[in-house]
1. Residue by residue, what Karplus-based ³J(HN,Hα) values in Hz, rounded to whole numbers, does region 267-284 have, using 6.51, -1.76 and 1.60 with θ = phi - 60° and x for Gly and Pro?
2. Translational diffusion coefficient, Stokes-Einstein: compute it for region 126-235 using the Kirkwood radius over C-alpha pairs as Rh, at 10 °C and 1.306 mPa s, and state it as an integer in µm² s⁻¹.
3. Could you tell me what fraction of 2.2 N^0.38 Å the Cα radius of gyration of region 260-312 comes to, as a two-decimal ratio?
4. Based only on Cα atoms, what mean projected area does the convex hull of region 163-288 have, in nm²?
5. Could you work out which residue, out of Asp68, Asp92, Asp110, moves most in a Gaussian network model of the chain, that is, has the largest mean-square fluctuation with Cα springs under 10 Å?
6. Of the heavy-atom accessible surface of the chain (probe 1.4 angstrom), what whole percent is carbon and sulfur?
7. What distance in nm lies between label points placed 7 Å from Cα along the C-beta direction at Asp307 and Gln60?
8. If packing is taken as the mean number of other Cβ atoms within 10 Å per residue, what is the order of 206-215, 52-61, highest first?
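The values are calculated or read from the model by the stated rules, or taken from the named source; none is laboratory data. Small disclaimer: the values here were computed from a predicted structure and weren't measured. All Cβ positions, even for glycine, are placed from backbone atoms using ideal geometry, and neighbour counts span all protein chains on display. Surface accessibility is based on the protein's heavy atoms, side chains included, excluding ligands, DNA and RNA. Shrake-Rupley method; radii C 1.70, N 1.55, O 1.52, S 1.80 Å.
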Amino acid sequence: DFSSLSTAPDNLATKLILNARYYYAPKSSVKIRYSKSKLTQDDDFLPYTANLNLLTALPQANLNAEVDTSDVTFLLQHWFSSEWSLMAKYRDRERDNKTEQLLFQPVVTDLYIASQMMMNMPYDFSKRSIITRLDYHPFANQLLSLAYSSDDKTRNYQTIHNTTEDGFTAKYRASLSEDFVLMIKAEQMNRDGSAPEIIDFLSVTENPLMQRYNVSDREQNKVNFQMIYNPIDNFSTSISGYFTEQDYKKTEIGLTDNVQQNLNINFAWEINKDVNVSLFMEKEKNETDLVGSNNFSSPNWYANNLDEVNSYGMSLSIKELMDSKLDI
């Protein structure tokens, strides 16, 4: 005659943040940002079931959860001269889940309790990233930059325990005239992961040849550009696009290749202070190669997916109509 519903439990988060910056030269500085937080949650568990004939006790009254997090960033911005500058950044993020692991017995349709136990998984991770960028300003309106970045992630309860991704990014941006701006950027990144581990407490059996795309070894190349042209004060145009290729180099079953292309054209015309017209056209292309196995062994089927999306849009804005009472 009655039931119970679990909603989001009450919880408490306490956080301390510290920011400090020191200028050791007119344009050069060192900055540190540090944050520390503690998250707790001790709402009482609901009973396994509203069926009074099932009297199995919960492992304890509440989860008594506790998660500690920390986040520290060091940032150096140094100008060697009016033309050369260096940026170096280090960031360390930690999530320490101190919640106890408990054994639970799942309830099946409020009629009986399953014999197989289940356990909660207190998820932890750590992320460390480094970015170093050298900028060159040959002229007042031009920028050349070369950056190196590295990300190291460690996580528990995952088949791939650790991944490291690093690579280089080159960028050129210039205001070639009062009316024309150009930006070109190229990037090459590599991700390598630790050897897959078997996680049997999930009671899910997976093909050991299968790799999840977000943690599997990958090589990524990307080029994007943007051009902005304003021939007259009240009319502007822009063309932007990118090309990305992702090669999952060691994946035997799963996503093996992905190619994305995008081209976008925008026009904006301010006819007068009350009337504006804009138009855009976009073309997207996404091609993926996948390999699968239908008998839990080596690859035996292949698929190539190609998606193309063409988008067009126009907007018209009219203001101050009917004695400034109506906007359309």
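1. 10, 9, 10, 8, 4, 8, 5, 10, 10, 10, 10, 9, 9, 9, 9, 9, 10, 10
2. On the way: Rh = 17.3 Å.
Stokes-Einstein gives a translational diffusion coefficient of 92 µm²/s.
3. Values: Rg = 21.0 Å, N = 53, 2.2 N^0.38 = 9.9 Å.
Computed over Cα atoms of region 260-312, the ratio equals 2.11.
4. Working: hull surface 45.9 nm².
For region 163-288, averaging the hull's shadow over all directions gives 11.5 nm².
5. Comparing Asp68, Asp92, Asp110 in a Gaussian network model of the chain, the most mobile one is Asp110.
6. Working: 11960 of 21560 Å².
Reported share for carbon and sulfur atoms: 55 percent.
7. 4.4
8. Values: 206-215: 15.8, 52-61: 11.1.
Ranked from most to least packed, the peptides come out as 206-215, 52-61.
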